[in-house]
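Okay, so here's the structure we're looking at.
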Amino acid sequence: MQRDIFTSEHDDFRDMVRAFIAKEVTPYHEQWEADRMVSRDVWLAAGRAGLLGIEIEEKYGGGGARDYRYYLILDEEMAKAGANGPGFAVHNDINGPYLQRLGTPEQCERWLPGYCTGELITAIAMTEPGAGSDLQGMRTTAVRDGDHYVLNGSKTFISNGQLCDLVIVAARTDQDAGYRGISLLVVFFHDVRVPAGNLLGEEGGGFVALMQNLPRERLAIGATALAGAEEVFAMTLAYCKEREAFGRPIGKFQHNRFVLAEIATETAVARAFTDKAVLEHNAGRLSATDAAMVKWWNTELCNRVVDRCVQLYGGYGYMREFPVARAFTDSRVQTIFGGTTEIMKEIIGRDLGL
């Protein structure tokens, strides 16, 4: 079915994103994987192309476009290209809203221009070795000492962590206040004495801020997973039309044809729900429950799609020279980060009054 949530301006933007990826990402991605590090050059190139801070106010160097669909297009095209190295989604979909919504005017002046140019790469540090989905179990502390906070603790699995210049760190500023004792501090990792002026939002307001931004983060993860599933399906469908066994294309065998029909139907149904969720988010109506549905359904669907596609490729599906093999490893983590599938089901179940 024809997607009807985009305008001609969105289509032009998608063409620009595809050209950017073809020029600045795809030719270098294999080397980045070998280096285990993305070049900072691609971040600067993304800044020049206007792909960072699309919704940030123009006075800070952003695009001023308060339309989530532009971020959606960027996420989709990166997924289709198998470009999982550059963490633009963490920068744009997760960290940008925190900085813009919670930052003081002085903080915005200090951080957002570099955020938009790609000179300040951002990360967010929530997960700890002993606290993943249970954010209230975090142990990292931030103790006020004059005009600074002194941070102590450990964080792990921090996307963009190797390259970042600025990290939003969730830490306990009050050990006895439960979730109201969690705050957000913005850290440049030179010395871990954090100026009090780097407190993002109010002291004790960190947990609420995290919860408020999670629906958008989960929508982004779900939308990216679906785009990845659609791309792997398209590649596999083409392969099944060309690859022959026993004198005919393997897609002509009834079992394989049924598998492809199942994938086509499942992704089409997910696409309709996801696009509706995008419009709900743009209108400010996307609920935490609906975002959880998008996240768990699409990420689990992506894993099921890729698994079946690997099977259709046969032995070639297990060789990293083929994109389907890389997709098999890249897609798996999506059911874990941003809240596990089990946590998504818990959110939905509680909303049902159970």
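The values are calculated or read from the model by the stated rules, or taken from the named source; none is laboratory data. Fair warning: this is a prediction, and the values are worked out from it, not measured in the lab. Cβ: placed from backbone, ideal geometry, glycine included. Neighbour counts: every protein chain shown. These accessible areas exclude ligands, DNA and RNA; they are computed on the full protein's heavy atoms, side chains included. Shrake-Rupley method; radii C 1.70, N 1.55, O 1.52, S 1.80 Å.
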Q: State whether one or more residues within segment 147-156 are closer than 28 Å to Thr224 by Cβ, surrounded by 17 or more Cβ atoms within 10 Å (Cβ to Cβ) and in contact (Cβ under 8 Å) with a residue 24 or more places away in the chain.
A: yes
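Let's see how each residue does on (1) under 20 Å from Asp15 (Cα atoms); (2) open to solvent by less than 20 Å² (accessible area, probe 1.4 Å); (3) modelled with pLDDT under 95; (4) within 15 Å of the chain's Cα centre (by Cα):
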position: Arg40; (1), (2), (3), (4): no, no, no, no
position: Ile54; (1), (2), (3), (4): yes, yes, no, no
position: Arg69; (1), (2), (3), (4): yes, no, no, yes
position: Ile73; (1), (2), (3), (4): yes, yes, no, yes
Q | Residue in segment 75-100 that is modelled with the lowest pLDDT, counting only those that are open to solvent by 20 Å² or more (accessible area, probe 1.4 Å) and not in a helix (DSSP H, G or I) | A | Asn84
Q: Among the numbered conditions (1) touching a helix residue (DSSP H, G or I) at 6+ places or on another chain (Cβ under 8 Å); (2) modelled with pLDDT under 95; (3) part of a helix (DSSP H, G or I), tell me where Glu24 comes up short.
A: (2)
Q: Among the residues of segment 37-47, write down those that are touching a residue at least 60 places away in the same chain (Cβ under 8 Å) and of a type outside the set (A, V, I, L, M, F, W, C).
A: Arg40, Gly47
Q.
Looking at Gln136 and the list (1) in a helix (DSSP H, G or I); (2) closer than 23 Å to Glu203 by Cα; (3) in contact with a Leu (Cβ under 6 Å, 6 or more places away or on another chain); (4) not hydroxyl-bearing (Ser, Thr, Tyr), which single condition is not satisfied?
A. (3)
Q.
One residue is enough: does segment 8-22 have a residue meeting the conditions in contact (Cβ under 8 Å) with a residue 40 or more places away in the chain, closer than 26 Å to Leu286 by Cβ and surrounded by fewer than 19 Cβ atoms within 10 Å (Cβ to Cβ)?
A. yes
Q: All but one of (1) open to solvent by 30 Å² or more (accessible area, probe 1.4 Å); (2) within 20 Å of the chain's Cα centre (by Cα); (3) aliphatic (A, V, I, L, M) hold for Ala238, so report the exception by its number.
A: (2)
Q. Among (1) open to solvent by less than 30 Å² (accessible area, probe 1.4 Å); (2) under 23 Å from the mean Cα position of the chain (by Cα), where does Gly132 come up short?
A. (1)
Q: For Cys116, work out the one condition from (1) closer than 22 Å to Ser39 by Cβ; (2) of a type in the set (A, V, I, L, M, F, W, C); (3) open to solvent by less than 10 Å² (accessible area, probe 1.4 Å); (4) at pLDDT below 95 it doesn't fulfil.
A: (4)
**Q.** segment 27-38, residues that are surrounded by fewer than 16 Cβ atoms within 10 Å (Cβ to Cβ) and either touching a strand residue (DSSP E or B) at 6+ places or on another chain (Cβ under 7 Å) or in a loop (DSSP other than H, G, I, E, B) (or both)
**A.** Arg36, Met37
Q | Members of segment 157-191 that are outside any strand (DSSP E or B), open to solvent by less than 40 Å² (accessible area, probe 1.4 Å) and out of contact with any Leu (no Cβ under 9 Å at 6 or more places or on another chain) | A | Asn160, Gly161, Leu163, Ala177, Gly178, Gly181
Q) With respect to the numbered conditions (1) part of a helix (DSSP H, G or I); (2) open to solvent by less than 40 Å² (accessible area, probe 1.4 Å); (3) of a type outside the set (Val, Ile, Thr), which one is the sole condition not fulfilled by Leu44? A) (2)
